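These notes are about the structure you will find just below.
The values are calculated or read from the model by the stated rules, or taken from the named source; none is laboratory data. Note that the coordinates shown come from a computational prediction; the quantities given were computed from them, not determined experimentally. All Cβ positions, glycine included, derive from the backbone under ideal geometry; neighbour counts span all protein chains shown.
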């Protein structure tokens, strides 16, 4: 089969439904993780939506599975699903090879716990480590193929974080 035939097969693959979670604290800092597969790159937690699962329930489940966070407060979400394609160079897990890429819904949560309160290993570990970061800095820190996705929701979430803090967090 020629290269065009292979490309046609790849583009006919479906997108995997996925949810991404941005978690911020009362200082407006977001939690980002250094993904095991991409050392040196940082990203927000994300994960697949199970069959028949509501995407908000998936977000809560994935937040617990990846960070051990159980009681985050829903703030808002990006209004649209955002697709991205997997690059050809990406060594995919066998369960992802049948997909062209992911179709993501992004959710913003408030949680004022500390990084020490997170548990990265109670489920399947996906992050080497986590840290707090300014939300606008994540665009340059994420792997290249996810950057266009982050460029869409980060400015909207930055404003939502500022509004939430102004309305809900008492300053001393």
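Which residues, counting only those in segment 9-28, are under 22 Å from residue 158 (Cβ atoms) and surrounded by fewer than 17 Cβ atoms within 10 Å (Cβ to Cβ)? Those that are under 22 Å from residue 158 (Cβ atoms) and surrounded by fewer than 17 Cβ atoms within 10 Å (Cβ to Cβ): 26, 27, 28.
Checking each residue in segment 147-172 for being under 20 Å from residue 103 (Cβ atoms) and in contact with a strand residue (DSSP E or B) (Cβ under 6 Å, 6 or more places away or on another chain) picks out 149, 152, 153, 157. Quick check on segment 57-74: of everything there that is loosely packed, with under 14 Cβ neighbours inside 10 Å and touching a strand residue (DSSP E or B) at 6+ places or on another chain (Cβ under 7 Å), which residue is farthest from residue 26 (Cα to Cα)? Among residues in segment 57-74 that are loosely packed, with under 14 Cβ neighbours inside 10 Å and touching a strand residue (DSSP E or B) at 6+ places or on another chain (Cβ under 7 Å), the one farthest from residue 26 (Cα to Cα) is 74. Scanning segment 125-145 for residues that are surrounded by fewer than 18 Cβ atoms within 10 Å (Cβ to Cβ) and assigned to a loop (DSSP other than H, G, I, E, B) turns up 125, 134, 143. When residue 50 is tested against the conditions (1) in contact with a helix residue (DSSP H, G or I) (Cβ under 7 Å, 6 or more places away or on another chain); (2) touching a residue at least 24 places away in the same chain (Cβ under 8 Å), the lone failure is (2).
For segment 113-124, a residue qualifies if it is in contact (Cβ under 8 Å) with a residue 40 or more places away in the chain and loosely packed, with under 13 Cβ neighbours inside 10 Å, and the qualifying residues are 117, 122, 124.
Listed here are the residues, each with its yes/no results for (1) closer than 19 Å to residue 24 by Cα; (2) at pLDDT below 90.
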{"site": "76", "(1), (2)": "yes, no"}
{"site": "82", "(1), (2)": "no, no"}
{"site": "89", "(1), (2)": "no, yes"}
{"site": "94", "(1), (2)": "no, yes"}
{"site": "99", "(1), (2)": "no, yes"}
{"site": "102", "(1), (2)": "no, no"}
{"site": "105", "(1), (2)": "yes, no"}
{"site": "109", "(1), (2)": "yes, no"}
